[in-house]
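Working notes for the structure below.
None of the figures in this text is laboratory data; all of them are computed from the coordinates on show. None of these values were measured; they are calculated from a predicted model. Here the Cβ is made from the backbone with ideal geometry for all residues, glycine too, and neighbour counts use every protein chain on show.
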């Protein structure tokens, strides 16, 4: 798909991190970009900088997502591109014993459900509603109507201690990539998923320097965190390359995560 002013995009989680980098990269190509995010202050600022539209959206809410797509489409027309970067994470062991008190606890099930709701169901909610809109488009010269990119994680394949909920939510995104691509294959809509490794995002920036240094050293090559711009480069490459479909692509410097 060619990226220019005739194309519109929606980026979830677009106010920071991987989503912000993707939104900026698309806008630099002339694409009309709408950002979905819960952080209205940051989202409005990014949208203003790139000439885009901000939509305050919680991806766990049907009403929010519907309103977000309505606002984005009123501003830019039906989107040809959806990049799903909205997500969250937290680590808790499935069951554990407190070393001080001896108290035994298990993973809070409401937290497990929250991770599934945001990361997996939230992604699918946006995919389904965006794909339905893309069906209304006339095919481009390439025959395409749209391109959808989801964000999983290296944890989908090698989750660490405490990541049962997070890994399950991201593995679900990987698992639905090919079936969705097959669902939409006769309508000219491609679907791919990127599995980032350790990236320099706002969430990671809060970690102590000693932790960050150790994590960076664990990457085979290059021995550093991934940059959000590198995620955006991959996303744009997938959009431009019309023969990549139904794929799950690790972007991780060859890291395979250890147990902890």
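Highest GNM mean-square fluctuation, the chain, Cα pairs closer than 10 Å: which of 53, 12, 201?
The residue with the greatest mean-square fluctuation here is 201.
If you count the DSSP beta bridges with both ends in the chain, what percent of them are antiparallel, to the nearest 5?
Numbers: 3 of 31 bridges.
Antiparallel bridges: around 10 percent, rounded to the nearest 5.
If each residue of separation counts as 0.36 nm, what is the full-extension length gain between residue 183 and residue 6 once their alpha-carbon separation is subtracted?
Separation in residues times 0.36 nm, less the Cα-Cα distance, equals 61.1 nm.
So what are the radius of gyration and Dmax for the Cα set of the range 1-110, in Å?
Cα radius of gyration and Dmax of the range 1-110 are 18.4, 62 Å respectively.
Could you identify which residue out of 110, 233, 98 has the top mean-square fluctuation in a GNM of the chain using Cα springs shorter than 10 Å?
98
Of the candidates 149, 161, 118, which one comes out as most mobile in a Gaussian network treatment of the chain with C-alpha springs shorter than 10 Å?
161
Averaged over all directions, how much area does the convex hull of the C-alpha atoms of the range 51-167 cover when projected, in nm²?
Averaged projected area of the range 51-167's Cα convex hull equals 10.0 nm².
How long are the three semi-axes of the equivalent ellipsoid of the range 8-251, in whole Å, if each is the root of 5 times an eigenvalue of the C-alpha gyration tensor, listed from largest down?
Details: eigenvalues 191, 74, 68 Å².
Ellipsoid semi-axes (Å, largest first): 31, 19, 18.
Once you have the Cα-Cα distance between residue 113 and residue 61, take 0.36 nm times their residue separation minus that, and quote the gain in nm to one decimal. Intermediate results must be reported in sequence, preceding the final value.
Values: separation 52, 0.36 × 52 = 18.72 nm, distance 1.44 nm.
Extra length from residue 113 to residue 61 when fully extended: 17.3 nm.
Just how many % of Cα pairs in the range 144-260 lie over 25 Å apart, if you round to the nearest whole percent? Write down the numbers at each step before the final one.
Numbers: 1813 of 6786 pairs.
Summing the P(r) of the range 144-260 above 25 Å gives 27 percent of all pairs.
Determine, for 169, 130, 136, 16, the number of other Cβ atoms within 10 Å of each Cβ, and report the residues in order from fewest to most.
Starting with the residue having the fewest Cβ neighbours, the order is 136, 16, 130, 169.
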